[in-house]
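Enquirer: Let me give you the structure first, and then I'll get to my questions.
Since every read-out is calculated from the coordinates, none of them should be taken as a lab result. Worth saying up front: this structure is predicted, and the values here are computed from it rather than measured. We place every Cβ from the backbone using ideal geometry, glycine too, and count neighbours over all the protein chains shown.
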Amino acid sequence: MLFEALTENFQRSLAALRGLDKITETNIEPTLKEVRRALIDADVNVKVVDILLAAIKEQALNMKVVKGVTPGQQFVKIVYDELIRLLGGDPATSSSKAGASPLPALAESPTKPTVILMAGLQGAGKTTQSAKLARLLQTEKRSRKKVLLVAADVQRPAAVEQLQTLGQQIETEVFIPAMVGTGSVTALEVATRALDYAKQKAFDFMIVDTAGRQVIDERLMEELQQIKRVLSPAEILLVVDGMIGQEAANITRAFHERIGITGAILTKMDGDTRGGAALSIKQISGAPIKFIGVGEKLDKLEKFYPDRMASRILGMGDIITLVERAQEAVDEKEAEQLARKMLEARFDFNDFLRQTRFVRSMGSFAGVLKLLPGVSGMLKEDQLRAGEKRLRLAESVINSMTPRERANPDLLTVDKTAASRMRRIARGSGRSLEQVESLMRDFVNMRNVMAQMSRRMMGGGSGAGPV
Ligand code: GDP
């Protein structure tokens with residue numbers, strides 16, 4: 001499976017960090033070594049790995065310890081955030097919110113047609129991605145833009161035919177070398193004539209599929225440079241086979257130095273691919289990866305999301321969420337609010353349910369309560385354990401309460417309608433009346449514990465008395 005080896009390696013390296021209170025220069029070293037090996041195994045270019053590790057190390061050493069989360073888990077979060085950054089994202093914004101178009105240059109292009117030049121080695125998926133892109137531009141926001149596909153590969157008739165076939169599938173016109181005239185024509189001639197044609201026929205976009213070689217060669221680069229000069233493309237997209245691994249670094253460097261890419265498309269990400277290529281492309285060119293190809297069919301082109309790619313590399317979504325939750329839990333404002341509610345005994349079933357759900361997603365009742373400033377050490381272990389055992393029960397019972405009951409626990413504890421209410425709730429939740437009653441007792445006990453805490457915090461632990 002994808003990235004399995006990398007994930008396994010990370011897991012192993014994290015085992016070494018588990019149980020440590022603090023991350024130091026010495027104890028982080030073996031873990032960093034493991035991470036390094038894991039990334040290199042995943043075909044990330046060595047130089048890229050070193051840049052990544054330097055950033056990770058610095059942050060790990062400056063890391064503030066968050067209670068309830070192991071340094072290992074926090075470390076994964078650092079690695080994750082750094083991967084996102086290196087992949088061109090912002091760890092603070094989730095991918096679902098990222099609304100920017102992957103092709104911003106296109107929207108700004110003042111002259112028609114807007115030209116997209118596709119570059120890359122043979123077999124990388126240039127022709128297929130050209131057609132996918134054409135399809136996307138034609139259908140995006142129902143824009144009905146006119147797109148011209150240009151087959152500028154004069155060496156391989158098969159490549160031209162392939163583009164024609166794909167063009168038919170998406171009802172897109174394809175400009176072919178034969179349209180330039182008989183005899184041998186150069187790719188530059190095809191590109192130039194195609195541009196005239198596109199202008200004449202008022203095409204909005206022109207996607208130029210260029211020739212590729214199995215290895216980078218001088219002639220290919222020169223041809224591309226010439227085409228670039230004539231077409232002034234808004235985008236020069238490097239198409240890279242996601243399965244190429246380490247080599248992605250050299251390919252990116254070669255193309256970027258000669259023609260200056262504006263973005264990349266990483267293909268075959270549906271297969272047995274590794275993440276190394278994505279990291280290398282971004283690090284070496286600085287150009288963003290705009291799309292990933294996830295299949296041979298023409299609708300298999302997805303917008304590239306740095307955070308999704310980072311998660312895929314790490315394969316550790318759960319841990320990341322856990323760490324984020326814990327960091328939210330110690331969010332001062334929230335903790336303060338909760339503490340105040342507790343002190344004022346305003347803690348109701350809604351709060352209880354929220355906490356119950358939260359605790360269950362975090363794993364440990366004791367662990368979560370300990371995250372609240374001032375609570376750690378005030379509650380006895382057996383009290384905590386008893387609470388933990390009843391969380392599931394509590395959730396089902398509270399779900400059967402009316403909103404009014406949830407907001408007014410007195411209705412179920414001291415009010416004269418309490419008994420009939422509890423019977424109704426028992427029926428609704430499929431629990432016995434005894435279970436509901438005992439839960440109410442638990443809740444009252446919990447409030448009492450809070451009241452005790454409150455008195456202790458305010459009055460130095462000397463019993464009730466006015467405050
Ligand atoms: P070109 O030589 O760079 O133009 O590459 P092609 O577009 O001809 O693609 C080479 C092969 O890769 C073809 O068999 C494509 O169907 C296949 N291919 C292209 N993109 C993808 C992709 O995203 N996923 C998969 N699985 N195959 C792809």
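Enquirer: How large is the direction-averaged shadow of the alpha-carbon convex hull of segment 104-304, in nm²?
Expert: Approximately 10.2 nm², given one-decimal rounding.
Enquirer: Can you compute the FRET efficiency between ARG37 and ARG423 using 1/(1 + (r/R0)^6), with r the Cβ-Cβ distance and R0 = 60 Å? Round to the nearest 0.05.
Expert: 0.45
Enquirer: If neighbour count is taken as other Cβ atoms inside 10 Å, put ARG253, ARG441, ARG404 in order from fewest to most.
Expert: Ordered from fewest to most neighbouring Cβ atoms within 10 Å, ARG253, ARG441, ARG404 come out as ARG404, ARG441, ARG253.
Enquirer: Moving to a separate point now. Can you grab the distance from the C-alpha centre of segment 235-288 to the C-alpha centre of segment 199-214, Å, no decimals?
Expert: Between the Cα centres of segment 235-288 and segment 199-214 lies a distance of 21 Å.
Enquirer: Multiplying the sequence separation of ASN27 and ASP90 by 0.36 nm and subtracting their Cα-Cα distance, what value in nm do you get?
Expert: Length difference between fully extended and current span is 19.8 nm.
Enquirer: Between segment 432-452 and segment 119-191, how many Å separate their Cα centres?
Expert: If you average the Cα positions of each part, the centres end up 71 Å apart.
Enquirer: Tell me, in nm to one decimal, what length is gained between LYS416 and ARG253 on full extension, where the rule is 0.36 nm per residue of separation less the Cα-Cα distance?
Expert: Result: 50.8 nm gained on full extension.
Enquirer: Cα-Cα over 26 Å: which of LYS199/LYS300; LYS64/LYS290; LYS77/LYS282; LYS33/LYS303?
Expert: LYS199/LYS300; LYS64/LYS290; LYS33/LYS303
Enquirer: To make sure I understand, if each residue's beta carbon is the centre and we count other beta carbons within 10 Å, what order do ILE259, ILE51, ILE251, ILE28 fall in, fewest to most?
Expert: Least crowded to most crowded, the residues run ILE51, ILE259, ILE28, ILE251.
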